[in-house]
1. So, in the stretch 286-308, of the ones that are surrounded by fewer than 20 Cβ atoms within 10 Å (Cβ to Cβ) and touching a residue at least 24 places away in the same chain (Cβ under 8 Å), which residue ends up nearest to Asn160 (Cα to Cα)?
2. Restricted to the stretch 202-215, and to residues that are in a strand (DSSP E or B) and in contact with a Phe, Trp or Tyr (Cβ under 8 Å, 6 or more places away or on another chain), which residue is surrounded by the most Cβ atoms within 10 Å (Cβ to Cβ)?
3. Within the stretch 167-179, can one find any residue that is surrounded by fewer than 24 Cβ atoms within 10 Å (Cβ to Cβ), closer than 20 Å to Ala64 by Cβ and at pLDDT 95 or above?
4. I'd like to check something: does the stretch 334-350 contain any residue that is within 30 Å of Gly261 (Cα to Cα), modelled with pLDDT under 95 and either in contact with a His (Cβ under 8 Å, 6 or more places away or on another chain) or part of a loop (DSSP other than H, G, I, E, B) (or both)?
5. For the stretch 86-103, which residues satisfy the criterion of being touching a residue at least 24 places away in the same chain (Cβ under 8 Å) and surrounded by fewer than 23 Cβ atoms within 10 Å (Cβ to Cβ)?
6. Return a yes/no flag: does the stretch 223-240 have any residue that is more than 27 Å from Tyr358 (Cα to Cα), of a type in the set (A, V, I, L, M, F, W, C) and crowded, with 22+ Cβ neighbours inside 10 Å.
7. If I filter the stretch 189-197 for residues that are within 20 Å of Asn152 (Cα to Cα), charged (D, E, K, R) and in contact (Cβ under 8 Å) with a residue 12 or more places away in the chain, do I get at least one hit?
8. I need the full set of residues from the stretch 216-260 which are in contact (Cβ under 8 Å) with a residue 60 or more places away in the chain and among the β-branched types (Val, Ile, Thr), in order please.
Amino acid sequence: MNQTIYMDYAATTPIDRRVAKLMSRYMDIEGVFGNPASRTHEFGWQAEEAVENARVQVAKVLNADPREIVWTSGATESDNLAIKGLAEKTDKNHIITSKIEHKAVLDTCHFLEEKGFRVTYLQPDSKGCCSAEQVERALTEDTFIVSLMHVNNELGSVNNIANIAKLCSDQGVFFHVDAAQSFGKIPIDVRKLGIDMISISAHKIYGPKGIGVLFVNRDSNIGLQPMIHGGGHEFGMRSGTLATHQIVGIGEAAELMFQEGEKDFEDHLRFREILLSSLNQIPDIQINSDFEKSIPSIINVSFAYVNGETLMSALDNVALSSGSACNSELVEPSYVLKGIGLSDELADSALRFSFGRYTKEKDVQAVGSQVAKVVGALRSSQVEV
């Protein structure tokens, strides 16, 4: 039996073996298993030291102060804490985001709308980007936060967060960035950019599921209402006993991204060209990702006259996505693709290819060749019917 080729790294990544090995030292009686909040014995001291070391590792990738790193369960919780936590503390009531944000942001905004907040949903351009000019036009005296993703999870498109951050800073509005798809993959220097809050998830960078970060800029004087109470952990912003092994995992994953991210990026550029050389031989396709404004590890392609789910099912031993994994239970066209103007038919025919650290060149070639053959076969069968 042939091993399945995994090409859905934008959904999640496997834990790097080096990360898993380190995590294993922080769980059992022979390792460092203590509660980091236990200040009266060495078990707690050792755990606290490991937690703080991981905080330094994550902060280094952002050029941040370790005291600006708040542990959460993942980017979804981080998004909620950033937006709801600020909403609870402000006397303003206007939020700006976009129509194609992750559901962690969109559902949070919908929740706040039910509480009386007003939300402006920016219309992205045809490649999935929003501009500082759009944000500026949407600003009002009541705007307290702009929340936009750095890299779109379905398209790979990259927003110009530097321009938007400067605008928000000039206007006295907080700027939150969901960087789940960009952290460690493209540079983010919070000191240069002046971003107020950033959401990060470990499982997108070869770390464990269930752990993430909210970066909270100490220079911004942000007061967040905690969503979870019970001990005042994490600088009073997120209570609960810290999962040392998971925190060590995200720290080591961040360290490896810091060391190897540039090589990964170059590999993904090469893989993208290889895949496109096969896909471009297929007639009637549409590349939905803008390669001048996107990361190379995500490619979104529509195959006209072919249903994406049918195409995925017909592929042999290939793991892909027809939309973001967080919406995989919904059998309907991707709201992201429709949000950039695609018809239902083209959105329904789209597949997302995403590369990662363990992608091999021969696998990319094999997938490209197989997709070309299967698309041709499916179209031929429709003609025969």
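1. Lys293
2. For the stretch 202-215, the residue satisfying everything is Val213.
3. yes
4. yes
5. Passing the criteria: Leu86, Ala87, Glu88, Lys89, Thr90, Lys92, Asn93, His94, Lys99, Lys103.
6. yes
7. Checking the stretch 189-197: at least one residue is within 20 Å of Asn152 (Cα to Cα), charged (D, E, K, R) and in contact (Cβ under 8 Å) with a residue 12 or more places away in the chain.
8. Selection gives Val216, Ile222, Thr241, Thr244, Ile247, Val248, Ile250.
The values are calculated or read from the model by the stated rules, or taken from the named source; none is laboratory data. As the structure is a prediction and not an experimental result, all values here were calculated from the model. Don't worry about glycine lacking a Cβ; one is built from the backbone with ideal geometry, like all the others, and counts go over all protein chains shown.
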